[in-house]
1. Considering only residues that are surrounded by fewer than 18 Cβ atoms within 10 Å (Cβ to Cβ) and of a type outside the set (A, V, I, L, M), look in the range 81-103 and name the one that is nearest to Gly51 (Cα to Cα).
2. Could you look through the range 122-172, keep only residues that are part of a helix (DSSP H, G or I) and out of contact with any Cys (no Cβ under 7 Å at 6 or more places or on another chain), and pick out the one that is nearest to Asn79 (Cα to Cα)?
3. Hey, among the residues in the range 123-158 that are among the acidic types (Asp, Glu) and more than 15 Å from the chain's Cα centre (by Cα), which one's nearest to Glu80 (Cα to Cα)?
4. Which of the residues spanning the range 31-51 are surrounded by fewer than 20 Cβ atoms within 10 Å (Cβ to Cβ) and modelled with pLDDT of 95 or more?
5. Taking the stated definitions as given, is Ala97 under 24 Å from Pro19 (Cα atoms) and assigned to a strand (DSSP E or B)?
6. Can you tell me which residue among Glu90, Glu80 is without any contact (Cβ under 8 Å) to a residue 40 or more places away in the chain, among the acidic types (Asp, Glu) and out of contact with any strand residue (DSSP E or B) (no Cβ under 9 Å at 6 or more places or on another chain)?
7. Going by the conditions given, is Thr59 hydroxyl-bearing (Ser, Thr, Tyr), closer than 25 Å to Asn157 by Cα and surrounded by 22 or more Cβ atoms within 10 Å (Cβ to Cβ)?
8. Being modelled with pLDDT under 95, among the aromatic types (Phe, Trp, Tyr) and under 26 Å from His151 (Cα atoms), is that true of even one residue in the range 64-80?
Amino acid sequence: MSILLEGTGRHTVWNVTSPLVDGNILVTSDHNLLINVSAESVYNPAFAILGHHNRLTHTTARCPFVVFDGCLHVSGNANELLDTLVTVEEGSPSEHAAIRIAGDQNRLSLNRVTNVDGPAIEVTGQKNALRFNTAQGNPVDLRDTNGDCTHNIWKDNIFTTSDPACIGAGGATDKEAAK
């Protein structure tokens, strides 16, 4: 691990490039801001966001392949990923997602995601809002494991494939997801 944000939080990491280190950036605290941060990892996530209310903007996560939890993994709640580039290159031994959202009430907007062997964006949490993201050319571009498209908001994303197919209809409305 290269960067660990813990303690009381409210840290700012700006204009940092962290070279290839497995499990590169770990955020366990809340209310942190990561701007223009690039990280690479091999088996574990390049970014693991376990805390709440964190914001990543203009970040880059690159993984040759992933085995655990995706290249960018969010299990905390109410985090924001804005204008992030996530790439999983090739030879992934399993179908793990490039971005995996296990937490609730997270917002993903304007992200560009590529995963040669697995899903680009996979959501297992609920009440997440995914808008204006681009994920094309993946085995599955967008996946919501809740299965019925009523637990998360999927709006104005650019993609070709989804699981379930109802993601193309937009998922839950803002009011439904807030319940």
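1. Among those that are surrounded by fewer than 18 Cβ atoms within 10 Å (Cβ to Cβ) and of a type outside the set (A, V, I, L, M), it is Asp83.
2. Gly168
3. Per the criteria, the residue is Asp156.
4. Once the filter is applied, which keeps residues that are surrounded by fewer than 20 Cβ atoms within 10 Å (Cβ to Cβ) and modelled with pLDDT of 95 or more, the range 31-51 yields His31, Leu33, Ile35, Asn36, Ser38, Leu50.
5. Answer is no for this residue.
6. Of Glu90, Glu80, the one residue that is without any contact (Cβ under 8 Å) to a residue 40 or more places away in the chain, among the acidic types (Asp, Glu) and out of contact with any strand residue (DSSP E or B) (no Cβ under 9 Å at 6 or more places or on another chain) is Glu90.
7. Numbers: hydroxyl-bearing (Ser, Thr, Tyr): yes; closer than 25 Å to Asn157 by Cα: yes; surrounded by 22 or more Cβ atoms within 10 Å (Cβ to Cβ): yes.
Answer is yes for this residue.
8. Yes, there is a match, as at least one residue in the range 64-80 is modelled with pLDDT under 95, among the aromatic types (Phe, Trp, Tyr) and under 26 Å from His151 (Cα atoms).
The values are calculated or read from the model by the stated rules, or taken from the named source; none is laboratory data. Keep in mind the model is a prediction, meaning the values are calculated, not measured. Cβ sites come from the backbone with ideal geometry, for glycine too, and all protein chains shown count toward neighbours.
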